[in-house]
1. Partner chain Cβ atoms within 10 Å, averaged over the residues of A:87-93 - can you pull that number for me?
2. Whole-Hz ³J(HN,Hα) for each residue in the range A:64-74, computed from phi via Karplus 6.51 cos²θ - 1.76 cosθ + 1.60 with θ = phi - 60°, x for glycine and proline: what do you get?
3. What trypsin sites (Lys or Arg not before Pro) in the range A:57-107 are in a loop by DSSP, with at most 15 other Cβ atoms within 10 Å of the Cβ?
4. Gap in Å between the Cα centre of the range B:81-113 and the Cα centre of the range A:30-101?
5. In percent, what relative contact order does chain B have, based on Cα pairs under 8 Å that are 6 or more apart in sequence?
6. Given 20 °C and 1.002 mPa s, compute D for chain B with the Stokes-Einstein relation, Rh being the Kirkwood radius over Cα pairs; round to the nearest whole µm²/s.
7. So what's the protein assembly as shown giving for Cα Rg divided by 2.2 N^0.38 Å, two decimals?
8. Return the inverse of the average 1/r over all pairs of distinct C-alpha atoms in chain A, which is the Kirkwood hydrodynamic radius, in Å to one decimal.
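Bear in mind that the values in this text are calculations on the coordinates, not laboratory data. Since we're looking at a predicted model, the values are computed, not measured. Here the Cβ is made from the backbone with ideal geometry for all residues, glycine too, and neighbour counts use every protein chain on show.
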Amino acid sequence: TQLLEQSPQFLSIQEGENLTVYCNSSSVFSSLQWYRQEPGEGPVLLVTVVTGGEVKKLKRLTFQFGDARKDSSLHITAAQPGDTGLYLCAGYMDSNYQLIWGAGTKLIIKP
Amino acid sequence: SQTIHQWPATLVQPVGSPLSLECTVEGTSNPNLYWYRQAAGRGLQLLFYSIGIGQISSEVPQNLSASRPQDRQFILSSKKLLLSDSGFYLCAWSGGQGNSPLHFGNGTRLTVT
């Protein structure tokens, strides 16, 4: 059983559309991180959210941490082909210093 | 600035042969070091992590081992590879402080034939 459930697992949409990726858990996390990975490369950190209810924006990407710090979402506005990649969420639990990883969302943006 | 180097980028090895993947970090001292394996297009499975020289923790029983002979060097090894060892292996480091992000190398694609 995954401690962090990501959905959807796969998403293919047209350029210009909006989308949201979810990262959910029944456990509380002290922080959540979002990474983006391109084929043949390692994941790269996009953002860290720490405070319940926190919202961070990175150009067309908006990240939100749930009020109870059990879930997070990534919203992309007007998706571009360059947004294509594997999006991974990962979190630190208060009681464990190891990162817990979601299984990833594979996103394809078609021109 | 900190950098992480991982090599080789790709490797094809026969079943039963040994393995040595190396990872080095520059620009930081006493990092936490990690070895992950990733199934195609999926999430990461933690194999080993190290909080200091000679200190290795194994997360999953397997045919692999890890060593940290120097502060910024992390090695993944096997004496005899299995077909099931094929995969994408990633090395990463973190600062070790609370909520620290991980910084990854570019990975090694291992194919065992």
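1. On the way: counts 0, 4, 1, 4, 1, 3, 0.
Shielding by partners across A:87-93 averages 2.
2. 10, 9, x, 4, 8, 6, 10, 8, 8, 9, 10
3. On the way: sites: A:LYS57, A:LYS59, A:ARG60, A:ARG69, A:LYS70, A:LYS106; in loops: A:LYS59, A:ARG60, A:ARG69, A:LYS70.
Within the range A:57-107, the qualifying trypsin sites (Lys or Arg not before Pro) (loop, at most 15 other Cβ atoms within 10 Å) are A:LYS59, A:ARG60.
4. So the two Cα centres are separated by 19 Å.
5. On the way: 283 pairs, mean separation 40.2, N = 113.
The normalised contact order for chain B reaches 36 percent.
6. 152
7. On the way: Rg = 17.7 Å, N = 224, 2.2 N^0.38 = 17.2 Å.
Output field value: 1.03.
8. On the way: mean 1/r = 0.0719 Å⁻¹.
About 13.9 Å for chain A.
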